[in-house]
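Reading through the structure tokens given below for one structure.
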Amino acid sequence: MSAPDRPFSSLLIANRGEIAVRIARTARRMGLRVVAVYSDADANALHVRQADQAVRIGGPAPRDSYLNIPAIVAAALGSGAQAVHPGYGFLAENADFAQAVVDAGLVWVGPPPAAIRAMGDKARAKQLMQVAGVPCIPGYDGDDQSDATLRTEAQRIGYPLMVKATAGGGGRGMRLVLSAAGLDAALSSARSEAQAAFGVSTLLLERAINQPRHVEVQVFADAHGHVVHLGERDCSVQRRHQKVIEEAPSPALAGSAGQRLRRRMGDMAVAAARAINYRGAGTIECLLDTQGHFYFMEMNTRLQVEHPVTEALTGYDLVEWQLRVAQGEPLPETSQDTILSRFESGGHAIEVRLCTEDPAKGFLPQSGRLLDWRPSAEVRVDHALEPGADIRPYYDSMVAKLVAHGPDRTSACKALGDALQSTVALGVRTNQAFLAACLAHPQFAQGRASTAFIPAHGEEILGTIVPLRAALAALALYATRAQRLGHNPCHVALALSWPVPMRFALDGAGHEARLQALGGNRYRVTTSASAEDLTLDACDAKHLAVTCASGRELLAVATCHDLLFVQQRGRQTVLEDRTLVGAAVRDTASAGMVRAPMAGRIVSLQVLAGQTVAKGDSLVVLEAMKMEHPAFAPVAATVKRICVDVGAQVAAGTLLVELEGTP
């Protein structure tokens with residue numbers, strides 16, 4: 001916040017998508033004029049169309065737009081905005097941006113630049129917290145960044161240990177090292193990713209806590225000396241150190257012992273905020289071990305993605321709190337006892353992050369056009385999506401958040417699981433079915449998930465996701481084809497005495513089936529595995545309802561060119577009708593052609609032409625959606641040709657490396 005804080009009537013939101021839409025919702029309710037900013041990729045985005053005014057700030061790449069400090073400040077001044085809210089992500093924790101806003105005479109909706117600077121460097125933050133008496137994980141955060149010193153310090157700390165970038169967050173520049181043999185490679189890759197993501201390659205080392213919980217405390221402070229906490233959130237379910245599921249209260253803080261621990265953690269968080277003269281919203285992130293000992297990890301000097309969980313329990317609008325504090329008002333509630341009472345009597349809230357990624361392929365980010373989007377009406381869904389929206393490869397893969405609130409954890413989890421199965425997202429693959437399967441896993445359902453949950457159970461969870469059966473796929477293809485031809489597949493006047501042959505690909509795998517109309521809305525589908533009688537209860541351009549021996553199945557469908565996208569219980573399947581082109585459809589990919597798995601920028605080349613490689617060797621590293629993604633050799637071979645250069649922006653499917661033979 002600027003000094004002195006002052007009232008404002010016009011707010012520029014220096015962010016995009018779901019984040020901008022969420023902040024704008026509260027700003028409008030408070031009577032503020034909303035100014036959006038956008039890159040060329042977002043010119044027609046929902047957050048732009050909903051704003052009172054929108055200003056272009058640059059090209060699609062974040063560094064040219066949403067990370068472009070001069071362009072954003074100029075947009076604020078030129079639009080007549082009096083205040084800037086950074087949202088979360090991008091520049092939200094950039095002290096230079098905060099200072100530039102203040103220097104321009106604008107109100108900064110966030111903590112003072114000095115506080116951001118103090119906590120933005122994880123090494124310095126740990127040092128400050130140790131002085132304040134906050135428990136910290138043992139490690140090394142010194143200035144000497146030579147490999148030799150880091151090797152020596154790692155030996156002193158002991159393995160396993162964590163290598164962490166001192167700047168930024170979101171799991172970028174973070175590596176788990178199990179032994180000395182893996183340290184050098186971890187240092188190199190962590191530095192590279194940190195430099196690309198944050199422009200700073202400095203690292204720190206920390207002892208790895210065995211199967212900890214990730215528990216964070218929401219704090220708020222104003223300019224009148226009030227500092228409070230709003231309880232904790234458990235964010236233990238993560239992949240690649242990025243949060244997937246968040247809930248409150250933490251299952252680890254149950255009963256009277258949990259209440260005492262909550263108060264100790266809350267007191268620590270308040271002390272940490274006071275130690276740096278904090279103002280606004282912040283989050284103290286901790287690791288909680290199995291003995292109930294907690295350790296400070298870092299402070300996020302912004303509003304968190306998962307803030308709706310706290311809002312659900314307390315009934316407070318945290319964006320409103322931010323805006324009021326930025327205008328110089330005291331916190332809307334300053335009684336810690338009142339806040340804790342609301343939190344502890346508020347039932348249970350749980351949130352999942354819906355991401356455009358493929359869990360079956362290592363959570364590989366996905367981009368493309370969203371053909372259909374119908375969020376559940378039974379839970380809170382924060383998003384900026386609509387049918388036809390383009391999911392761009394330049395930005396984070398998180399596109400929506402689903403938040404359920406109930407009187408207890410079991411009811412909240414059930415409501416969220418049901419919402420995940422009924423929400424329709426077609427055209428771009430998401431983690432929707434994986435999230436539902438996580439909620440249903442016994443270890444999570446019993447409240448015992450640690451940060452090791454997905455690494456330990458990911459494959460098992462994927463195995464519980466039921467694929468679309470070939471018989472249902474054949475009927476879906478037949479029904480949608482009949483509709484396009486003007487026929488009603490739910491009412492066939494005459495039974496066919498002969499079966500209709502069908503050939504199709506189900507997520508790229510070839511299948512054959514024979515479909516016979518039995519009259520009315522009944523069909524018999526015969527595949528290599530079985531013969532099933534199916535009843536097509538309903539069919540339109542977006543839905544199929546089918547009754548089979550196991551019960552009623554509801555399928556959401558959408559077509560794009562020659563492809564049919566089918567969603568069943570949150571799982572998307574892509575079908576290609578090959579009936580008219582014959583059975584022999586050759587896959588254009590081959591073991592010797594290594595293609596880009598997504599759109600992205602070539603960060604580095606790991607091999608040279610003529611070099612022999614083993615199966616699984618890294619060939620090329622792409623950067624997409626703020627993460628680095630290696631492309632691996634599918635077989636042992638010789639590199640025949642490298643088809644891209646470092647720095648090139650490539651589309652999904654671009655040929656990267658051509659391999660030949662075996663060495």
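Restricted to the range 315-346, and to residues that are β-branched (Val, Ile, Thr) and assigned to a helix (DSSP H, G or I), which residue is surrounded by the fewest Cβ atoms within 10 Å (Cβ to Cβ)?
The first filter runs over the range 315-346 and keeps only residues β-branched (Val, Ile, Thr), leaving 319, 325, 334, 338-339.
Subset that is assigned to a helix (DSSP H, G or I): 319, 325, 338-339.
Values: Val319: 23, Val325: 26, Thr338: 12, Ile339: 21.
For the range 315-346, the residue satisfying everything is Thr338.
Of all residues in the range 494-551, exactly one satisfies the criterion of being outside any strand (DSSP E or B), surrounded by 14 or more Cβ atoms within 10 Å (Cβ to Cβ) and among the hydrophobic types (A, V, I, L, M, F, W, C), namely Leu496. In this structure, Leu554 does not qualify as touching a strand residue (DSSP E or B) at 6+ places or on another chain (Cβ under 8 Å), in contact (Cβ under 8 Å) with a residue 40 or more places away in the chain, part of a strand (DSSP E or B) and over 21 Å from Cys643 (Cβ atoms). Scanning the range 122-170 for residues that are closer than 11 Å to Thr202 by Cβ and surrounded by fewer than 21 Cβ atoms within 10 Å (Cβ to Cβ) yields Ala123, Arg124, Gly142, Asp143, Asp144, Gln145.
Against the list (1) touching a Ser or Thr at 6+ places or on another chain (Cβ under 7 Å); (2) not assigned by TED's automatic domain parsing to the domain that holds Leu564, the condition Met502 fails is (2). Filter the range 573-600 down to residues that are modelled with pLDDT of 85 or more and of a type outside the set (Asp, Glu) and give me whichever is nearest to Val639 (Cα to Cα). Going through the qualifying residues, I end up with Val594. Looking only at residues of the range 250-261 that are under 27 Å from the mean Cα position of the chain (by Cα) and not hydrophobic (A, V, I, L, M, F, W, C), we find that the one that is surrounded by the fewest Cβ atoms within 10 Å (Cβ to Cβ) is Pro251.
Of all residues in the range 155-198, those satisfying the criterion of being out of contact with any helix residue (DSSP H, G or I) (no Cβ under 7 Å at 6 or more places or on another chain), modelled with pLDDT under 90 and in a loop (DSSP other than H, G, I, E, B) are Gly169, Gly170, Gly171. Just checking, does the range 10-32 include any residue being assigned to a helix (DSSP H, G or I), farther than 22 Å from Glu311 by Cα, modelled with pLDDT of 95 or more and not aromatic (Phe, Trp, Tyr)? Among the residues of the range 10-32, not one is assigned to a helix (DSSP H, G or I), farther than 22 Å from Glu311 by Cα, modelled with pLDDT of 95 or more and not aromatic (Phe, Trp, Tyr), which makes the answer no.
Restricting the range 88-116 to residues that are outside any loop (DSSP other than H, G, I, E, B) and of a type in the set (Gly, Ala, Ser) leaves a set whose member that is nearest to Leu323 (Cα to Cα) is Ala98.
Would you check which residues across the range 26-59 are of a type in the set (D, E, K, R) and surrounded by 20 or more Cβ atoms within 10 Å (Cβ to Cβ) and list them?
Within the range 26-59, the first condition is being of a type in the set (D, E, K, R), and the residues that meet it are 28-29, 33, 40, 42, 49, 52, 56.
Passing the criteria: only Asp42.
The values are calculated or read from the model by the stated rules, or taken from the named source; none is laboratory data. It should be emphasised that the depicted structure is a prediction, and the values quoted were computed from it without experimental measurement. For neighbour counting, all protein chains shown are included, and Cβ atoms are generated from backbone atoms with ideal geometry for every residue, glycine included.
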